[in-house]
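Shown next, in structure tokens, is the structure this report addresses.
The values are calculated or read from the model by the stated rules, or taken from the named source; none is laboratory data. Quick caveat: nothing in here was measured; it's all calculated off a predicted structure. Don't worry about glycine lacking a Cβ; one is built from the backbone with ideal geometry, like all the others, and counts go over all protein chains shown. In case anyone asks, the SASA skips ligands and DNA or RNA and just uses the protein heavy atoms, side chains included. Shrake-Rupley method; radii C 1.70, N 1.55, O 1.52, S 1.80 Å.
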Amino acid sequence: MSRFVSCLSEEDQEFDEIKNAAAAFYRTNRVPEELERALGELFFQNPEDVHGYLANYFTELSSQPLISRLNGKEVYDSRGQLCAEAEVFCMICNREKRMSSAAISSHLGQKDPFLDWQAKSEERAYHVKTAVHWIVEPLNKMLKEQNPCDQSDVDQKLSNFFMARHQEEKELKEKEESLSTSEQEVEVPSSPPEKKKEKKTDKKKKGSSEKPFCPAEPPEPLLPGCLAIGSVSLAVAKSGAQIKGMPLYKYIRALKNPEDQARFHIPVSLVTLLSCGKTSPGKLNLLEEVILIPNAGQQVKQVTQAILSDSGVLPVNFDRPEQALDLITEACNNLALELGTEIHLAMNCAGPDLMDYTKEKYEIAAGVHKSPDELVAMYQTLISKYTAVVALIDPLRREDREQWEKLSSVIGQSCVLLSDKTNKPQAPPLPGVTGHILKHINEITVSDLISVTSELQGSVLLGTTSNESCDDDSLSDIAVGLGLDYVKLGGLASAERMTKYNRLVSIEEELAQQGILVSKEQHSPPLFTETEAQVV
């Protein structure tokens, strides 16, 4: 044998080594067995597309897709403002493929239409630029080779990253404030102590007959770049759903409750009818939105067709809240809709944005101010007159806890209170509140949404924002996947809103065809009950 091998040329020996190595490679990777099985099944299946069948067969045997890279870029939202979009790329069958993208909304503090537009634009641009930097550099490195179907692990890494940056920012600000305080102590002489006492005494005398005014709680610090966290989390979730070959709402349901895939229901759509508030014409500031609540059991198409108009959400020119409610009452009468029976109303009051801290009163209309107690009395009058109103959203500041409790007691069981917890998710619950509003913005991950909707007592409303992507319908999938009872998508106007409504209609039809759509007709008004109601 050795004499035979020695007679082989060097070229033949190399070829023989390659054949042996190839045979070992194929055996290790079970290629002959899979080829034999594939060819056997191919013969009996006898598909029209032979090579397509083989491609699908071996694709199912391919390695688990892993994130190859993230990309971040600046895009424009529905209002023409900058936003950061996250793109997820994965290696699939030895090729890099763009899986999905997401650009969630950003909230940059109190909504004040009188702030300098250039300053707001520069602030937003800085936040977006920082978010893009986070995506293309640290987050890209952190999630490289990560399994996109492991949502909880991805979101945990994203949250840890955010908390580390948040702590760094906090320490930096504390250091700057410490240096600034030290400089002031050296340069600025302190006021005589007797003058300070005089000022305190005067202030005490001035307010001795009034209830003490509670100052505003410090706002939650907004970390520049934070919207990268929520955008990447959603983009990864959409990628995971695509890899699993299932719609996003079923994927989210599997993340929340893997055992519950047999039945789904469509959330009741809360539709914004009128847009009021500071940014609308007229003197009225109090009502940011008047929202229609249809009865449970109505199809999404029925709801939208009943109230669709050419202009969608109407920015109205009102001076008093009664004018808005009277207009809707008249419209329902003309359409033969029984307001208070077939449909109900909710009022988004935007109370936290109305406080005039110089007067320590709410400016409910231009030049019209009311104390917290006076505002409670006004709400009581409105609810008693317009019985179709079954929910108030953010009627007061969080600081006016005494008035929240008083308002809850005077409106009784006919109307419930909801508060926005988006920017203060860890804040203690307000007295009398049975529902909470959430928005998928900034650093909120998909896992956060799953967690909070599982833990919060009462209803949970995950609402839209005013600056969303025109082509992203993920909110509808999230609402259905989380199993919520209500969803607030805004008015029936503009592309970003109608895209979400159309997606909700598609999901409803798909579930009906599959025979797994469950009606929620058992929910009777008033809505937002403590035991069952949940809203996106």
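Things worth noting here:
- Residues that are farther than 20 Å from Gly432 by Cβ and surrounded by 14 or more Cβ atoms within 10 Å (Cβ to Cβ), drawn from the stretch 358-382: Glu360, Lys361, Glu363, Ile364, Ala365, Val368, His369
- Of everything in the stretch 44-63 that is at pLDDT below 90 and assigned to a loop (DSSP other than H, G, I, E, B), the residue that is least open to solvent (accessible area, probe 1.4 Å) is Ser62.
- Listed by first and then second residue, the pairs with beta-carbon distance under 8 Å, at least 6 apart or on different chains, first residue in the stretch 55-79 and β-branched (Val, Ile, Thr), second assigned to a helix (DSSP H, G or I) and surrounded by 14 or more Cβ atoms within 10 Å (Cβ to Cβ), are Ile67/Leu143; Ile67/Val236; Ile67/Ser239.
- Residue match in the stretch 514-535 (condition: assigned to a helix (DSSP H, G or I), at pLDDT 90 or above and open to solvent by 50 Å² or more (accessible area, probe 1.4 Å)): yes
- Asp477 being modelled with pLDDT of 90 or more, crowded, with 22+ Cβ neighbours inside 10 Å and not aliphatic (A, V, I, L, M): yes
- Among the candidates Cys214, Cys226, the residue that is over 23 Å from the mean Cα position of the chain (by Cα), of a type outside the set (Asp, Glu), surrounded by 11 or more Cβ atoms within 10 Å (Cβ to Cβ) and at pLDDT 80 or above is uniquely Cys214.
- Of all residues in the stretch 335-354, those satisfying the criterion of being farther than 13 Å from Pro294 by Cβ and either of a type in the set (Phe, Trp, Tyr) or part of a strand (DSSP E or B) (or both) are Met347, Asn348.
- Contact map, the stretch 487-506: first residue free of Cβ contacts under 8 Å to residues at least 24 places away in the same chain, second residue open to solvent by 10 Å² or more (accessible area, probe 1.4 Å), Cβ cut-off under 9 Å, separation 6 or more or different chains; pairs are Met498/Thr304; Met498/Gly312; Met498/Leu492; Ser506/Asp473.
- The stretch 383-418, subset open to solvent by 10 Å² or more (accessible area, probe 1.4 Å), basic (Lys, Arg) and touching a helix residue (DSSP H, G or I) at 6+ places or on another chain (Cβ under 9 Å), residue modelled with the lowest pLDDT: Arg398
- Test set (1) at pLDDT below 90; (2) assigned to a strand (DSSP E or B); (3) not hydroxyl-bearing (Ser, Thr, Tyr) - Val88 fails condition number: (1)
- Only one entry of Leu70, Leu82 meets the criterion of being within 29 Å of Glu145 (Cβ to Cβ) and under 34 Å from the mean Cα position of the chain (by Cα), and that entry is Leu70.
- Residue match in the stretch 241-257 (condition: more than 30 Å from Pro294 (Cα to Cα), of a type in the set (Gly, Ala, Ser) and open to solvent by less than 60 Å² (accessible area, probe 1.4 Å)): yes
- Among (1) open to solvent by less than 10 Å² (accessible area, probe 1.4 Å); (2) within 12 Å of Cys349 (Cβ to Cβ), the one test that Gly435 misses: (2)
- Among the residues of this structure, Ser408 counts as one that is in contact with a strand residue (DSSP E or B) (Cβ under 9 Å, 6 or more places away or on another chain) and within 18 Å of Pro352 (Cβ to Cβ).
- Residue satisfying all of: in the stretch 259-299; assigned to a loop (DSSP other than H, G, I, E, B) and β-branched (Val, Ile, Thr); farthest from Tyr486 (Cα to Cα) among these: Thr279
- Test for Thr445: is it under 17 Å from the mean Cα position of the chain (by Cα) and at pLDDT 90 or above: yes
- Residue within the stretch 334-353 that is in contact with a His (Cβ under 7 Å, 6 or more places away or on another chain), over 14 Å from Leu287 (Cα atoms) and not polar (S, T, N, Q) present: no
- Strands (runs of 3 or more DSSP E) wholly inside the stretch 357-457 that include at least 3 residues being in contact with a Lys or Arg (Cβ under 8 Å, 6 or more places away or on another chain): 361-365, 368-370, 433-438
- Boolean, Lys203 is over 30 Å from His265 (Cα atoms) and at pLDDT below 75: yes
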